[in-house]
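The values are calculated or read from the model by the stated rules, or taken from the named source; none is laboratory data. All values reported here derive from a predicted model rather than from experimental measurement. All Cβ positions, even for glycine, are placed from backbone atoms using ideal geometry, and neighbour counts span all protein chains on display.
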Ligand code: PMT
């Protein structure tokens with residue numbers, strides 16, 4: 001009966017009608033979380049960037065978006081009605097300042113794209129969070145993992161953060177497995193590499209402890 005919002009997948013930031021800035025997120029981790037919440041009886045709002053994965057469960061309401069701004073608008077709109085949010089999406093921190101109306105032609109030897117910052121969805125939800133709501137973030141790191149994750153936990157006012165590192169082969173983007181640590185203000189717990197469905201179970205076990 002809890003209402004849980006999950007962001008999943010990448011965002012695409014348009015350069016022109018045929019090109020974008022994006023990343024390798026497949027949506028698998030976020031969709032596994034949505035399915036695990038739904039399996040336990042939650043009402044799930046799944047805000048998904050452009051992905052090729054499906055979710056067939058009845059109690060998952062899927063909202064498809066493309067850009068960070070669209071994901072931000074959907075998340076900020078839905079969050080006040082939620083008991084918790086899990087922010088698993090790999091969101092582009094910057095977007096092109098201007099989107100060309102027509103396909104950009106190959107002229108000159110180099111090309112510059114001026115980027116401007118995107119809103120930070122997690123940080124905004126951290127500001128909006130009220131008593132009784134739980135906010136969970138992810139940290140995808142390549143170095144100084146624990147330090148960076150801890151910084152994001154504080155900066156975005158999260159209740160706990162799920163750290164995954166690209167240094168662990170066969171995990172994170174696109175793969176069917178992941179290896180995580182869960183870091184809260186009080187504790188850090190390291191988990192073995194396992195299927196994303198099982199990782200989702202570990203994360204939701206931790207979330208349940210935080211829900212009132
Ligand atoms: O989709 P898969 O292929 O299964 O891969 C899963 C995953 C590797 C994408 C996932 O496990 C993961 O790590 N997701 C977070 C990726 C990320 O962008 O992390 P970050 O450290 O850059 O961001 C920190 C947190 O802030 C994240 O919760 C992110 O969703 C959030 N964020 C970031 C930027 C932004 N503008 N808005 C945000 O809400």
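Tell me, please, whether a residue that is at pLDDT below 95 and either in contact with a strand residue (DSSP E or B) (Cβ under 8 Å, 6 or more places away or on another chain) or more than 10 Å from the ligand (Cβ to nearest atom) (or both) can be found in the range 58-69. Within the range 58-69, one or more residues are at pLDDT below 95 and either in contact with a strand residue (DSSP E or B) (Cβ under 8 Å, 6 or more places away or on another chain) or more than 10 Å from the ligand (Cβ to nearest atom) (or both). Is it the case that some residue within the range 105-112 is at pLDDT below 95 and on the phi > 0 side of the Ramachandran plot? Scanning the range 105-112 turns up at least one residue that is at pLDDT below 95 and on the phi > 0 side of the Ramachandran plot.
Residue by residue, here is whether (1) in contact (Cβ under 8 Å) with a residue 12 or more places away in the chain; (2) under 17 Å from residue 8 (Cα atoms); (3) assigned to a strand (DSSP E or B) holds:
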position	(1), (2), (3)
137	yes, yes, yes
149	yes, no, no
161	yes, yes, yes
171	yes, yes, no
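Go through the range 75-128 and report how many residues are part of a loop (DSSP other than H, G, I, E, B), away from the ligand (no atom under 13 Å from the Cβ) and without any contact (Cβ under 8 Å) to a residue 40 or more places away in the chain.
Qualifying residue count for the region: 11.
Taken over the range 36-51, the criterion of being surrounded by fewer than 19 Cβ atoms within 10 Å (Cβ to Cβ) and under 16 Å from the mean Cα position of the chain (by Cα) is satisfied by 50, 51.
The set of residues in the range 12-30 being within 8 Å of the ligand (Cβ to nearest atom) and either more than 18 Å from residue 68 (Cα to Cα) or buried (at least 17 other Cβ atoms within 10 Å of the Cβ) (or both) consists of 25, 26, 27, 28, 29, 30. Just one of the numbered conditions (1) under 22 Å from residue 133 (Cβ atoms); (2) in a strand (DSSP E or B); (3) more than 11 Å from the ligand (Cβ to nearest atom); (4) in contact (Cβ under 8 Å) with a residue 40 or more places away in the chain is not true of residue 47: (3).
Within the range 61-71, does at least one residue satisfy the condition of being surrounded by fewer than 21 Cβ atoms within 10 Å (Cβ to Cβ) and on the phi > 0 side of the Ramachandran plot? No, the conditions are met nowhere in the range 61-71.
For the range 172-186, filtered to residues that are crowded, with 21+ Cβ neighbours inside 10 Å and near the ligand (Cβ under 10 Å from one of its atoms), the residue that is farthest from residue 120 (Cα to Cα) is 178.
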